[in-house]
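To start, the structure under review is shown below, and the notes come after it.
Values in this text are rule-based calculations from the coordinates and carry no lab data. Quantities reported herein were computed from a predicted structural model and do not represent experimental measurements. Quick reminder, even Gly has a Cβ in these numbers, built from the backbone with ideal geometry, and neighbours come from all protein chains shown.
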Amino acid sequence: MAVKPLGSRVLIKVREAKTKTDSGLYIPDTAQEKTQTGEVVAVGEDKEIVVKAGQHVMYDKYAGCSVKIGDAEHLIVKNDDLIAIVD
């Protein structure tokens, strides 16, 4: 299924939550926090959007509409809900 966001919206592939700490301990599902970063998959046609496909971004915690495409979790967020570009 191909999804193309409209207007000033951005389609983001959500980064998977960490299931293991750096020291090797496993984090239970109930203790995992929702990630707030992901990779831009597609952007709408609004000229004010500053991100491009392939960039990694940070977005507001409660932003967007959740969409499952294939096996991956995605979000459709407004351009205003993007906080930063992550290098």
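Key figures for this structure:
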quantity: Estimated inter-spin distance, Lys61 and Val86, nm [label 7 Å along Cα→Cβ]; calculated: 1.6
quantity: Under 11 Å, Cβ to Cβ, from Leu11 - net charge with Lys/Arg +1 and Asp/Glu -1; calculated: +2
quantity: Formal net charge of residues neighbouring Val67 (Cβ-Cβ distance under 11 Å; K, R +1; D, E -1); calculated: +1
quantity: Among 19-30, 4-15, 56-67, the order from most to least packed when residues are scored by Cβ within 10 Å on average; calculated: 4-15, 56-67, 19-30
quantity: Under 22 Å, Cα to Cα: Lys pairs in the chain, sequence gap 8 or more or different chains; calculated: 25
quantity: Radius 14 Å from Cβ of Asp46, net charge of other residues (Lys, Arg +1; Asp, Glu -1); calculated: +1
quantity: Amide H within-cut-off set for Gln36, under 5 Å, with H built and near neighbours excluded; calculated: none
quantity: Where GluC sites (Glu not before Pro) fall in DSSP loop in the chain, at most 14 other Cβ within 10 Å; calculated: Glu16, Glu33, Glu45, Glu48
quantity: Glu45/Lys18 FRET efficiency (R0 35 Å; Cβ-Cβ; nearest 0.05); calculated: 0.50
quantity: Over 22 Å [Cα-Cα, the chain], rounded percent; calculated: 28
